[in-house]
Amino acid sequence: DAKTTQPPSMDCAEGRAANLPCNHSTISGNEYVYWYRQIHSQGPQYIIHGLKNNETNEMASLIITEDRKSSTLILPHATLRDTAVYYCIVNPLTGANNLFFGTGTRLTVIP
Amino acid sequence: NAGVTQTPKFQVLKTGQSMTLQCAQDMNHEYMSWYRQDPGMGLRLIHYSVGAGITDQGEVPNGYNVSRSTTEDFPLRLLSAAPSQTSVYFCASSYLVGAEAFFGQGTRLTVV
């Protein structure tokens, strides 16, 4: 059973912020929220992860609600190269890193 | 530092043939895994390993074998290929703690 729910597709204008939502209402206390993306048919690429605090790195920001039941991945200035399928995954931080990939959100950045 | 390397990139097999998909990583990661991705779907876990000599089944293990004799290598064996195994196969590795997973570029397998 999927642990996360994401919209199947989204569009974003080039240069604008892309906000990708994810619902994970059954998340456990020891589970982190991870985001990966897959460009064309390449191997998935790690973006960011977090537990309960907001996180930011050179690629994106992750905003997690206080009740941890949902989160938003923010790409601050989307470029055409950000067109990809984005996967939101919940997973414990330790132990076997078995990732459950749903069908993700296909983000299309429009010129 | 090559990361995760998969070979071959493309392969066509006849039904009933066997083959081994190779995966190697040079990051000294304890954890390695194999996924398959069918058209329009997310990745599904086939087998995984948390260290040399230790393997376990994932979500879709039937028709595949794995072994982990070294930390670096995690080959996936198809014993008797079937058309249902036509897919793109990805290998991944990570540390067990603080686990950002690194993926290979995939092997596109067609079974005719």
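The values are calculated or read from the model by the stated rules, or taken from the named source; none is laboratory data. Not measured: the values here are computed from a predicted model. Heads up, the Cβs are rebuilt from the backbone with ideal geometry, glycines too, and the neighbour counts pull from every protein chain shown. For accessibility, only protein heavy atoms count, side chains too; no ligands or nucleic acids. Shrake-Rupley method; radii C 1.70, N 1.55, O 1.52, S 1.80 Å.
Summary table below
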quantity	calculated
Residue within segment A:24-35 that is of a type in the set (Val, Ile, Thr) and at pLDDT 95 or above present	no
Qualifying positions in segment B:36-84 - touching a Gly at 6+ places or on another chain (Cβ under 6 Å) and either part of a strand (DSSP E or B) or more than 14 Å from chain A (Cβ to nearest Cβ) (or both)	B:Leu45, B:Ile46, B:His47, B:Tyr48, B:Ser80
Hey, B:Ser80 touching a His at 6+ places or on another chain (Cβ under 8 Å) and open to solvent by less than 80 Å² (accessible area, probe 1.4 Å) or not	no
Any chance B:Ala92 is open to solvent by less than 60 Å² (accessible area, probe 1.4 Å), of a type outside the set (Ser, Thr, Tyr) and more than 14 Å from chain A (Cβ to nearest Cβ)	no
Criterion: crowded, with 17+ Cβ neighbours inside 10 Å and without any contact (Cβ under 8 Å) to a residue 60 or more places away in the chain - qualifying residue of A:Arg81, A:Arg68	A:Arg68
A:Asn23 open to solvent by 50 Å² or more (accessible area, probe 1.4 Å) and under 11 Å from the mean Cα position of the chain (by Cα)	yes
Residues within segment A:84-111 that are within 14 Å of chain B (Cβ to nearest Cβ) and open to solvent by 50 Å² or more (accessible area, probe 1.4 Å), tallied	4
Members of segment A:26-60 found to be open to solvent by 30 Å² or more (accessible area, probe 1.4 Å) and farther than 18 Å from A:Phe101 by Cβ, listed by number	A:Ser28, A:Gly29, A:Asn30, A:Leu51, A:Lys52, A:Asn53, A:Asn54, A:Glu55, A:Thr56, A:Asn57, A:Glu58, A:Met59
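One line per residue, one yes/no per condition, for (1) closer than 14 Å to B:Thr20 by Cα; (2) buried (at least 19 other Cβ atoms within 10 Å of the Cβ):
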residue	(1), (2)
B:Gly42	no, yes
B:Pro61	no, no
B:Asn65	yes, no
B:Leu76	yes, yes
B:Ser87	no, yes
B:Thr107	yes, yes
B:Val112	no, no
